[in-house]
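Below: one structure, written as structure tokens.
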Ligand code: BGC
């Protein structure tokens, strides 16, 4: 069914080929929730202030898997969009194909190299060429909590896995959905990101997801990670299957659920609903990952249509990296700026915490690209991992079988 939907979306995208005017940018992205759309408007408004029109090419589906399928179809048919939201290794893969415009002139003029951290440059550049403009830094190892429920039940910030399980049990016993969750593969992988980091620590994460080390992938610790996923499965409601992530966030916003485990794009939903961190909702690092940050960075790659960067593409890329835009956009999106030289006093408490933690984690060797969001491995490995994680979450495999399946999936796809 998922394949069918994706194919139909791809066909629709091909047949509804937009007739972008010369002065327009056509932007392919997956920012379709309320909070995401609000953030995207900051970019649209910035460009329209410069007289540049916007041809919107939204492809729903958190994490961007469907968007990448549509992109492939568009490029194959010789009709690449002007600019595309992309993550991590997807950028590298397209750069290797020679499909992306060279942004070096712009990057040199604006000294991007001095202000974009190395962890982001790793993906924004390829073979000495800037090929993408980083918009932000998200991180995936967050817990979002409904403050009124925490107060009512006397739950303080869980510091360990056991405390977190006890907190979820308390919420469940009180009649709440303990864990708001949307049963889609990328959401399960997003949770797995944090659970794996907490259960195994940074070295385990590096070996398993970055180096794809077989001993680590097949270890008892990996079985423990799956066991913990099974525990979490016991705290979701009956209707979780297929639910979009933002609807899960809404359950926490509305006081139906106590917690959601999700990247900080969830904060964009709380803010869009008029909620305030510290008053209506709380942001915690996933228990056991207080020192670590698993990050992903949304970047815009420009497709090389005529051999050179067009004026519109250059305007889009410079707008994205301008200090004012970085603050204005990330305030709404839930992420933090991609530049390290900014005063973030305007960000809310969770945003300021996220910005400091990103920098501290980078300095102490605790910053890792999120495997769930394409920053640890190319799409083939990522998607193969998704399949195993989601099959286990849905009860198709016990933990020991899931470990074996993970090892095989990686062997075949790496
Ligand atoms: C992107 C976010 C987006 C989220 C849900 C992530 O992969 O980095 O910008 O909000 O998916 O759609």
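The values are calculated or read from the model by the stated rules, or taken from the named source; none is laboratory data. Computed from a prediction, not measured in an experiment: that's the story for all the values here. Heads up, the Cβs are rebuilt from the backbone with ideal geometry, glycines too, and the neighbour counts pull from every protein chain shown.
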Original post:
Which numbered condition trips up residue 207, out of (1) closer than 21 Å to residue 408 by Cβ; (2) in contact (Cβ under 8 Å) with a residue 12 or more places away in the chain; (3) part of a helix (DSSP H, G or I)?
Top reply: (2)
**OP:** Considering (1) touching a strand residue (DSSP E or B) at 6+ places or on another chain (Cβ under 6 Å); (2) assigned by TED's automatic domain parsing to the domain that holds residue 227, say which one residue 336 fails and leave the rest.
**Re:** (2)
**OP:** Spot the failing condition for residue 63; the list is (1) at pLDDT 95 or above; (2) within 16 Å of the ligand (Cβ to nearest atom); (3) under 30 Å from residue 250 (Cα atoms), and only one is missed.
**Re:** (1)
Original post:
Across segment 159-175, what is the total count of residues that are within 28 Å of residue 391 (Cβ to Cβ) and touching a helix residue (DSSP H, G or I) at 6+ places or on another chain (Cβ under 7 Å)?
Top reply: 3
Subject >> Residue in segment 267-275 that is within 16 Å of the ligand (Cβ to nearest atom), in a strand (DSSP E or B) and either within 19 Å of the chain's Cα centre (by Cα) or surrounded by fewer than 24 Cβ atoms within 10 Å (Cβ to Cβ) (or both) present >> reply: no
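Restricting attention to segment 305-314, does a residue exist that is within 16 Å of the ligand (Cβ to nearest atom), closer than 18 Å to residue 85 by Cβ and in the same structural domain as residue 72 (by TED's automatic domain parsing)?
Within segment 305-314, the subset within 16 Å of the ligand (Cβ to nearest atom) is none.
No, because not a single residue in segment 305-314 is within 16 Å of the ligand (Cβ to nearest atom), closer than 18 Å to residue 85 by Cβ and in the same structural domain as residue 72 (by TED's automatic domain parsing).
Please find, among 347, 316, 367, 321, the residue that is surrounded by 19 or more Cβ atoms within 10 Å (Cβ to Cβ) and within 19 Å of residue 197 (Cβ to Cβ). Step through it out loud before you land on a result.
Working: 347 fails: within 19 Å of residue 197 (Cβ to Cβ); 316 fails: within 19 Å of residue 197 (Cβ to Cβ); 321 fails: within 19 Å of residue 197 (Cβ to Cβ).
After applying the criteria, what remains is 367.
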